[in-house]
1. Stretch GLU3-ASP283 to full length: gain in nm at 0.36 nm per residue minus the Cα-Cα span?
2. Of the DSSP beta bridges with both residues in region 97-241, give the percent that are antiparallel, rounding to the nearest 5.
3. Run the accessible area of the chain with a 1.4 Å probe and give the carbon-and-sulfur part as a rounded percent.
4. Amide H to amide H under 5 Å from ALA203: which residues, 5+ apart in sequence or cross-chain, H placed 1.01 Å off N in plane?
5. Per DSSP H run of n ≥ 4, the term is -39500 (n - 2.57); total these for the chain, divide by its residue number, and report the mean residue ellipticity at 222 nm rounded to 500 deg cm²/dmol.
6. Using amide H atoms built 1.01 Å from N in the peptide plane, name the residues 5+ places from LEU78, or on other chains, whose amide H lies under 5 Å from its own.
7. Out of region 1-106, which GluC sites (Glu not before Pro) are coil in DSSP terms and have no more than 15 other C-beta atoms within 10 Å?
8. Please list the non-local residues whose amide H lies under 5 Å from the amide H of ASP145, H modeled 1.01 Å from N, same-chain partners needing a gap of 5 or more.
Amino acid sequence: MSEHVTIVEVGPRDGLQARKDPVATAARIGLVEHLRRAGARRIEVGAFVAPDRVPRMADTAEVMAAVGSRERDGDMVLVANRRGLDQAMENGARAIAVFTAASDAFAEKNIGRAVAASLERFSPLVTAAREAGVFVRGYISTITDCPYSGEVPPGDVAPVARALFEMGCDEIALGETLGKATPRRIAAVVGAVARHVPLDALAAHFHDTYGMGIANVAEALRLGIRTVDAAAGGLGGCPFAPGASGNVATEDVLFMLEGEGYTTDLSLEQLLDAVAFIEHDMDIRPTSRVYKARRGG
Ligand code: MG
């Protein structure tokens with residue numbers, strides 16, 4: 001099995017979209033540039049979604065132009081509907097992501113329709129993107145727990161993953177949204193999904209709310225997943241919603257991967273420079289242990 005792990009850096013989109021305070025376009029551009037310098041080849045640079053609902057992503061076209069996304073297969077943008085896909089393609093996106101959930105309650109609250117209806121809606125978008133040669137990721141949120149309906153059984157996740165894969169998604173990102181699952185439950189859901197989707201088409205997308213992020217990434221690797229989502233500085237969550245914690249920090253993941261003998265495209269020292277940019281230039285406090293240990297005051 002390959003010992004190379006691909007990190008998908010989700011900080012510029014997933015990490016910043018829920019922030020209450022505005023984030024300057026120049027800061028978002030600077031973050032992407034720092035991440036590139038650190039070696040990140042796959043970066044979620046923004047989203048084409050309703051600007052009234054997600055104002056932090058309203059400048060995505062500007063960010064894409066500034067960071068040269070047209071020339072980058074690894075720059076991905078999230079889209080919510082046909083209009084979003086059109087905007088992504090007009091701006092030269094070579095990779096897009098669509099998002100649904102394993103829980104109807106979560107899907108209804110966040111995208112306004114139940115899971116099955118969301119899949120029906122995405123299918124033509126996935127087809128159109130693939131016909132244009134655009135890479136497509138399908139996100140599944142709430143793979144173990146839903147904030148509204150509680151525990152989600154693995155048997156609810158597998159058919160969603162299968163449907164996304166069969167409609168043409170190149171990759172399925174398994175999102176453990178609440179960050180409260182432990183490795184045993186990650187193993188159960190990955191096992192159920194892997195019966196329908198090859199492991200090399202899966203990505204682990206975990207959060208650190210209960211401090212389980214790194215343990216769960218390690219479990220995903222043990223199971224054979226080789227694509228891991230992470231956000232520099234542990235960006236994510238909402239600073240005004242207690243308990244809503246960030247994505248697993250890229251530098252924490254990288255530190256673990258290096259120690260365990262995996263190869264990646266990233267340099268830890270340069271990644272820590274990106275996190276320092278987040279702290280000093282973006283005025284956002286990083287949450288990661290590795291950053292604190294290496295650069296913290
Ligand atoms: Mg996330």
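1. The span from GLU3 to ASP283 would gain 97.2 nm if fully extended.
2. If I count the DSSP bridges inside region 97-241, around 10 percent turn out antiparallel.
3. C and S fraction of accessible area: 49 percent.
4. ILE172, ALA173, LEU174
5. Value at 222 nm, helices only, nearest 500: -12000 deg cm²/dmol.
6. GLY46, ALA47, PHE48, ALA97
7. GLU3
8. VAL152, THR177, LEU178
The values are calculated or read from the model by the stated rules, or taken from the named source; none is laboratory data. Just so you know, these numbers come straight off a predicted model, no measurement behind them. Cβ coordinates were reconstructed from backbone atoms using ideal geometry, including for glycine residues, and neighbour counts include every protein chain displayed. Quick note on the areas: whole protein, heavy atoms, side chains included, nothing else; ligands and nucleic acids left out. Shrake-Rupley method; radii C 1.70, N 1.55, O 1.52, S 1.80 Å.
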